[in-house]
Amino acid sequence: MINRKLHNFHIPVMGLAYTIDSPIKLAHFGIDSVISIIDDELMEKMNAFYSEKFDIPYRHITTKINDYRAERITSYLNTVDKIVKKKYTEFCTELSENKHILNDFIAMLPPMSAIKKGLQFYVSSQFNKANEIRNFLSQYFTPGNIDVNIMTKVDKANYNKNEALSTIYNDAHASLRGYANSKLCSSLVLSAGMNPSLYNYIADFDDFFPDANGSIKKKIILKVSDFRSALIQGNFLAKKGIWVSEYRIESGLNCGGHAFATEGLLLGPILQEFKQRKNELINISHELLIKALLQKNKVVPKIPMDLKITVQGGIGTASEHDFLLKHYTIDSVGWGSPFLLVPEATSTDTATRKLLAGSDSSAFYRSEISPLGVPFNTVKGATNEYFKTERIINNKPGSSCPKKLLALSKEYDETGICTASHKYQRIKLSELENLKDTITEDEYKNRKDIITVKSCLCVGLANPAYIENNIKIKGEEQGVVICPGPNMAYFDKEVSLKDMVRHIYGYHSVLAKGYRPNMFIKELQLYIDYLIEDIKKSSSLYSIQQIKKWSVFKNNLLEGTEYYESVFMSVNDTNNVEELKHYKKRIKEIMIPEAEIVTSLQV
């Protein structure tokens with residue numbers, strides 16, 4: 001039997017808008033992609049836009065409707081599903097009738113693909129094989145998944161006037177309900193760590209439970225940073241009767257969007273642990289799952305269900321892609337940031353694409369602009385920075401905060417305020433002004449910058465889709481926030497979908513000329529710099545706990561470097577072995593403060 005899974009790469013979620021309609025653009029090619037389902041206002045506008053474009057009946061869902069947030073999400077996802085099915089059917093017809101389109105499609109398939117070989121057979125035939133091609137496609141070719149993403153921490157409580165609504169109306173909970181009520185048969189990607197309340201809520205929906213054959217209509221994918229996190233979260237869900245169908249491992253720092261750094265644990269050793277302990281993960285979770293399903297009187301699968309391990313973060317060449325698949329037996333590799341340069345794949349506005357293509361490695365940096373208080377990968381020169389700076393100069397720092405998705409700080413208001421908002425920054429700056437005579441000018445400036453650096457991600461990450469599709473943007477100008485990973489520095493031009501996919505499979509390269517470090521080496525660089533910066537920015541008084549943390553971090557980096565040396569030597573990669581020697585020396589030279597230097601609280 002030929003594997004119906006066409007591609008061995010996927011496109012992860014990017015921001016709020018960059019992949020908001022990627023399934024519409026890509027799924028008929030058999031490519032999986034992920035939609036963020038946090039911003040219901042964005043989805044409502046995209047629903048109206050695409051309903052008109054494809055002549056689909058549309059009902060406007062206003063904020064006056066009960067449970068409008070979940071309903072908007074359900075409606076948009078159902079619209080995407082209809083469009084994908086329509087485009088897939090039409091594309092299959094085109095493939096069977098148009099040899100040029102068929103050849104282009106074959107050119108995008110993996111070199112060793114059985115489907116590629118099957119289609120090449122029909123192309124080489126001298127007879128018209130339209131019916132045979134159509135039958136072949138119906139048996140072995142399915143559209144890519146319309147997967148969705150919820151960032152679990154973006155789960156603000158909501159209010160009716162001053163009265164708190166039930167937890168199920170929290171932002172992430174409503175997003176989950178919107179997906180659960182949709183017609184999709186796909187996967188829910190949960191990122192940013194465990195939210196016990198949200199995880200418990202999954203068990204309220206039948207679509208997440210398996211049937212006797214182990215089939216699940218709506219699967220769970222957990223984005224994790226290490227094996228321990230996977231084991232804890234997977235077991236938690238298994239105890240509710242929920243099976244995790246995939247663990248999506250992401251580099252802590254060599255990724256787009258928020259950077260959740262590990263304690264110096266590098267991607268290679270993490271993947272090695274998953275490879276070695278995958279069966280343990282399956283067996284423990286399966287045992288817990290069976291007990292939970294029996295207690296709930298649910299159908300019990302006859303055998304342990306499939307578990308996929310996938311990876312993303314910093315991959316940039318076909319050789320890296322193949323190495324991950326073969327060496328770590330990875331099921332799929334995530335390619336995110338490079339697709340920001342592919343208009344056929346993502347909703348990236350023209351100006352931002354030009355900015356990304358024209359920026360070198362010095363322009364991509366880890367910023368403090370996120371209201372979540374987590375480092376955020378971005379690039380210098382984004383239009384959001386211009387508008388934010390202009391408001392600071394005019395003594396009007398902050399955002400009007402129209403969406404309040406990140407209004408999570410309860411420092412001044414129990415209902416929550418976003419740290420990027422006018423309201424929050426005015427209060428903070430007023431407090432700082434009262435301290436002006438007691439601190440140095442440099443300290444004053446530093447504290448002011450910490451307050452005003454925050455950007456309105458809710459609007460900035462949604463604007464690209466509006467700009468790209470000529471949808472009117474209301475309210476205060478925020479410009480665009482872009483969240484590429486550091487790997488973006490090595491791609492320097494707009495690329496067609498066909499060329500990017502062929503790049504992934506090694507047919508030809510679209511990389512910029514010049515040096516590009518191996519993905520593992522690049523991540524190591526980022527972690528070394530991260531540790532050095534963390535030590536430098538800390539106070540001159542260190543807690544014992546902090547010193548232990550740095551020591552563990554440094555030891556993990558050394559162990560990871562030694563692991564990479566053995567891996568690269570096993571494949572006779574002498575260049576990367578030499579580079580590793582340089583970085584190993586750098587790690588050893590990092591000075592961890594003496595344990596005797598502690599805060600007064602620790603003495």
Kirkwood-based Rg/Rh on the Cα set of the range 481-603 evaluates to 1.11
Regarding the range 341-473, what is the average projected area of its C-alpha convex hull, in nm²?
9.6 nm²
Highest to lowest packing among 262-268, 578-584, 465-471, scored as the average C-beta count within 10 Å:
262-268, 465-471, 578-584
Rg over Rh, two decimals, the range 30-145 (C-alpha only, Kirkwood Rh)
1.13
With θ set to phi - 60°, apply the Karplus curve 6.51 cos²θ - 1.76 cosθ + 1.60 along the range 452-464 and write out the HN-Hα couplings as whole Hz, x wherever there is a Gly or Pro.
8, 5, 5, 10, 7, 5, 4, 7, x, 7, 8, 4, x
Could you tell me which residue out of VAL244, GLY193, TRP550 lies farthest along the dipole of the chain toward its positive end? Charges go on the beta carbon: Lys and Arg +1, Asp and Glu -1, centred on the Cα centre.
VAL244
With the dipole of the chain worked out from charges on the C-beta (+1 for Lys and Arg, -1 for Asp and Glu) around the Cα centre, which of PHE323, VAL299, ASN446 lies farthest toward the positive end?
VAL299
Sort 58-68, 303-313 by packing, meaning the average of other beta carbons within 10 Å per residue, with the highest value first.
303-313, 58-68
Once all Cα-Cα distances of the chain are split into 10 Å bins that start at 0, what whole-number percent is in each one?
3, 15, 25, 28, 19, 7, 2, 0, 0
Phi-derived 3J(HN,Hα) across the range 407-420 with the Karplus relation (6.51, -1.76, 1.60, θ = phi - 60°), rounded Hz, x for Gly and Pro, is 7, 10, 6, 10, 5, 10, 8, 5, 7, x, 10, 7, 6, 8
Run the quick spin-label model on VAL300 and ASN575: label points 7 Å from Cα toward the beta carbon, then report their separation in nm to one decimal.
5.6 nm
Relative contact order (%) - criterion: Cα under 8 Å, at least six apart; region: the range 147-295:
19 percent
How long, wide and thick is the range 151-192, going by the Cα atoms along their three principal axes, in whole angstroms, largest first?
38, 24, 10
Just need the relative contact order of the chain here, percent rounded to a whole number, with Cα pairs under 8 Å and 6+ apart.
15 percent
Summing -39500 (n - 2.57) over the DSSP H runs of n ≥ 4 in the chain and dividing by its residue number, what mean residue ellipticity at 222 nm do you reach, to the nearest 500 deg cm²/dmol?
-14500 deg cm²/dmol
Cut-off under 19 Å on the C-alpha distance; same-chain residues fewer than 8 positions from LYS87 excluded. Which lysines are left, in chain and number order?
LYS5, LYS25, LYS53, LYS99, LYS183, LYS498
If you average the alpha carbon positions of the range 518-582 and of the range 368-385, how far apart do those two centres end up, in angstrom?
25 Å
Can you give the charge dipole size of the range 215-276 about its Cα centre, rounded to the nearest 20 debye, using +1 on the beta carbon of Lys and Arg and -1 on the beta carbon of Asp and Glu?
460 debye
Using a 1.4 Å probe, what is the accessible area per residue for the range 471-547, in Å²?
46 Å²
Given GLY475, ILE532, LEU281, which one lies farthest toward the positive end of the charge dipole of the chain, if we put +1 on the Cβ of every Lys and Arg and -1 on the Cβ of every Asp and Glu?
LEU281
Could you tell me what fraction of 2.2 N^0.38 Å the Cα radius of gyration of the range 175-306 comes to, as a two-decimal ratio?
1.06
Antiparallel bridge percentage (DSSP; both residues within the chain; nearest 5)
25 percent
What list of ³J(HN,Hα) values in whole Hz, one per residue of the range 79-84 in order, does the Karplus curve 6.51 cos²θ - 1.76 cosθ + 1.60 (θ = phi - 60°) give from phi, with Gly and Pro shown as x?
5, 4, 4, 4, 5, 4
Heavy-atom surface of the range 1-107, accessible at 1.4 Å and reported per residue (Å²)
40 Å²
Here the equivalent ellipsoid of the range 177-224, derived from its Cα gyration tensor, has semi-axes (largest first, whole Å) of 18, 12, 11
Can you give me the % of accessible surface on the range 463-603 that is carbon or sulfur? Probe 1.4 Å, all protein chains present, nothing else counted.
51 percent
Given backbone amide H placed at 1.01 Å from N, residues whose amide H is under 5 Å from that of SER33, ignoring those fewer than 5 places away on the same chain, are ILE11, ASN145, ASP147
How many percent of DSSP beta bridges within the range 282-439 run antiparallel, rounded to 5?
55 percent
Kirkwood Rh over Cα pairs of the range 6-81 into Stokes-Einstein at 37 °C, 0.692 mPa s: D in µm²/s?
252 µm²/s
Residues whose modelled amide H sits under 5 Å from the amide H of ASP492, counting only those 5 or more places away in sequence or on another chain, are ALA512
Can you give me the % of accessible surface on the range 165-271 that is carbon or sulfur? Probe 1.4 Å, all protein chains present, nothing else counted.
48 percent
With the other protein chains left in place, how much accessible area per residue, in square angstrom, belongs to the range 203-339 at a 1.4 angstrom probe?
39 Å²
To the nearest 20 debye, what is the magnitude of the charge dipole of the range 84-172 about its Cα centre, counting +1 on the Cβ of each Lys and Arg and -1 on the Cβ of each Asp and Glu?
140 debye
If you roll a 1.4 angstrom probe over the protein chains with everything in place, what fraction of the accessible area of the range 19-140 belongs to carbon and sulfur, to the nearest %?
52 percent
Projected area of the range 112-242, taken from the Cα convex hull and averaged over every viewing direction, in nm²?
12.0 nm²
Two decimals is fine: what is log10 I(q)/I(0) at q = 0.16 Å⁻¹ for the range 499-570, from a Debye sum with one equal scatterer on every Cα and no solvent?
-0.76
Placing unit charges on C-beta atoms (Lys and Arg positive, Asp and Glu negative, everything else neutral), compute the dipole magnitude of the chain about its Cα centre in debye, rounded to 20.
1040 debye
When only Cα pairs under 8 Å and 6 or more residues apart are kept, what is the percent relative contact order across the range 45-180?
27 percent
Whose amide H sits under 5 Å from the amide H of VAL189, counting only residues 5 or more places off or on another chain, with H placed in the peptide plane?
VAL148, ASN149, ILE150, ILE221
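The values are calculated or read from the model by the stated rules, or taken from the named source; none is laboratory data. The shown structure was predicted, so the numbers you read here are calculated from the model rather than taken from an experiment. Cβ atoms come from the backbone with ideal geometry, glycine included; neighbour counts cover every protein chain shown. We work out accessible area using only protein heavy atoms, side chains counted, and drop any ligands, DNA or RNA first. Shrake-Rupley method; radii C 1.70, N 1.55, O 1.52, S 1.80 Å.
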